[in-house]
Amino acid sequence: MKTNLRVPFLAAISMLSGLVVLVGYFVTLPGLSDLRGLFLDWAVILTAVAAIVGVANLAKVHWRKVRTGQPGAVFSLTTLTSLVLTILVVIFLGGATSAWSLWLFNYALVPVEASLLAVLSVTLIYAFARMINRRLTIFNLIFAGTALFILITAFAWSGFDVFGLRDIRSWVMQVWAAAGARGILFGVALGAIATGLRVLIGSDRPYSG
Amino acid sequence: MNWLGLVFIFLFAVLLLGLGAASRRAKRELREIPAFTRLAGGIGAAVESGRRLHLSLGHGGMLGQPGASTLMGLTILQRIARTASISDVPPIATSGESVQAILSQDVFQAVYQAIGAETQFDPHSGQLTGLSPFSYAAGALPVVYDQQVSVNVLTGSFGSEAALIADAAERTGSMTLAGSENLTAQAVFYACTEEPLIGEELYAAGAYLQAGAMHSASLMTQDIFRWLLIVAILAGAAARLVGVW
């Protein structure tokens, strides 16, 4: 096993900056708030730089697929062509908010994402049916029954409210579903606090080491 | 100033450190979560059969609320990469956010360095597949379909688009373990996958994958604070009922 000498240095930076941001969130002191703001600004700038690195990585992965003729190379070529085209449009035709850029956004990106949303709805119906088929437990039946009930009663037919279904729907959503969601979110929040604190005390290191 | 919040975090940290020290001396039995038992078996089977492990880290990034689930995903990636590092086919991680992609590459590099096999490190094992939720999901699909994946682990921040990845994984007959901090994603995972992680189960992954004593201590601390919260909620409701508060 090799020891990486960068680890203690990186851990110290991570712990110190994390502590400043955390304490600055709860305590309002002039110097501390400024330092917290500065660290958050740096984080945002680094994230923006990382986005450029990420896009370069994306292009490299697809270029390799095209070069080696892997399955789906045609799609990779389409991705690369779209990427180059978009960069050229943004650089030479007036920037990210120009009419040409907005045309690309409205008539290429939005329809593609909308199509995926349509595919998603079919996928979810299929997954729903498969879940019932795979394991018929009481929890699955409650999950499926509640989902169907909420979906069906979501249709707002004017003047049509059989057996007070709308009231039952809002009771299910505001009492049972909200209580369940809050219970789950309590668990998630405690887990998130524990995870963050492990990074702050240097026990978890999501970077080299 | 929100001193109550700061005191809460401070007490949580003190208890975490105390229980962490105690956990190093005495091992704690964990209740069985079938997803993690199956994951251990799935990793072993994938290594033996020369098939790939795929870890999808979501698109939440490191800033804000989804950061914790991303960190958990990276911990799981670290454990999986260590276990599967002896395999002929290295694991692959897909991300929908650049910082996550860079960190996943860093995790792979660190694991290979730690075991003295730097030459095996492939920068393409940590990939950014798209920068919007749907493009990320669409970019991850070829990995699930074409790269002979036998185990898919979806941990991080997702939305409903995660159904596309989970459905693809189910169609290829591979094992899928999925967890997220997002409620929509949890509902989708419950319907789409055989092994969904609900609520805080995602954050228990480190303890179940033997990532260290602090992970077991985290579970104990979470349990203690959960009971305290339950008592506080019930006490508040009772006080309200009798008109004290």
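Rule-based calculations on the coordinates, nothing more; no lab input. These figures come from a predicted structure and were not determined experimentally. Neighbour counts are summed over all protein chains in view; Cβ atoms, including those assigned to glycine, are modelled from backbone coordinates with ideal geometry.
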In percent, how large is the relative contact order of chain B, given Cα pairs closer than 8 Å and 6 or more residues apart? 22
Per residue, the convex hull enclosing the alpha carbons of the protein assembly as shown has a volume in Å³ of 204
If each K or R counts +1 and each D or E counts -1, the residues other than B:GLU170 whose Cβ falls under 10 Å of its Cβ total +1
Distribution of pairwise C-alpha distances over the range A:95-134, 10 Å bins, in %: 28, 28, 21, 15, 8, 1
With labels modelled as points extended 7 Å from the Cα through the Cβ direction, what inter-label distance (nm, one decimal) is found for A:VAL74 paired with A:ILE52? 3.5
Net charge contributed by nearby residues that have their C-beta within less than 15 Å of B:GLY199 (K/R +1, D/E -1): -2
With the radius of gyration and the Kirkwood radius both derived from the Cα set of the range B:125-245, what is their ratio Rg to Rh? 1.14
So what's the range A:136-209 giving for Rg/Rh, alpha carbon basis, Kirkwood Rh from the mean inverse pair distance? 1.28
For chain B, which DSSP H helices look membrane-span-like by this rule: Cα extent along the axis of 18 Å or more and mean Kyte-Doolittle of at least -0.5? B:3-25, B:34-49, B:67-84, B:98-114, B:133-146, B:213-241
If you consider only alpha-carbon coordinates, what radius of gyration and Dmax does the range A:1-92 have, in Å? 20.7, 59
Sorting A:ALA177, B:MET220, B:ALA81 by the position of each Cα along the dipole of the protein assembly as shown (Lys, Arg +1; Asp, Glu -1; all at Cβ), the one nearest the positive end of that ordering is B:MET220
Pulled fully out, how much extra length does the chain show between A:VAL7 and A:ALA177, if you take 0.36 nm times their separation in residues and subtract their Cα-Cα distance? 56.7 nm
Rounded to whole Å and sorted largest first, list the principal axis extents of the Cα atoms in the range A:53-147. 59, 36, 22
Could you tell me which of B:ALA169, A:LEU19, A:MET131 has its Cα farthest along the dipole of the protein assembly as shown towards the positive end, charges placed at Cβ (Lys, Arg +1; Asp, Glu -1), taken about the Cα centre? A:LEU19
Taking amide H positions as placed 1.01 Å from N in the peptide plane, with prolines and chain starts having none, which residues 5 or more places from B:LEU154, or on another chain, fall under 5 Å of its amide H? B:SER56, B:LEU177, B:ALA178, B:GLY179
Would you mind estimating how fast chain B diffuses translationally, via Stokes-Einstein at 20 °C and 1.002 mPa s with the Kirkwood radius over Cα pairs, in µm²/s? 113
Charged-residue dipole, Cβ positions (Lys, Arg, Asp, Glu), the range A:136-209 about Cα centre, Debye nearest 20: 200
Could you work out Rg/(2.2 N^0.38 Å) for chain A, with Rg from alpha carbons only? 1.52
Where does chain B land at 222 nm, in deg cm²/dmol rounded to the nearest 500, when only DSSP H runs of n ≥ 4 count, each adding -39500 (n - 2.57), divided by all residues? -19000 deg cm²/dmol
Quote the charge dipole size of the protein assembly as shown about the Cα centre in Debye, to the nearest 20; the model charges only the Cβ of Lys and Arg (+1) and of Asp and Glu (-1). 640
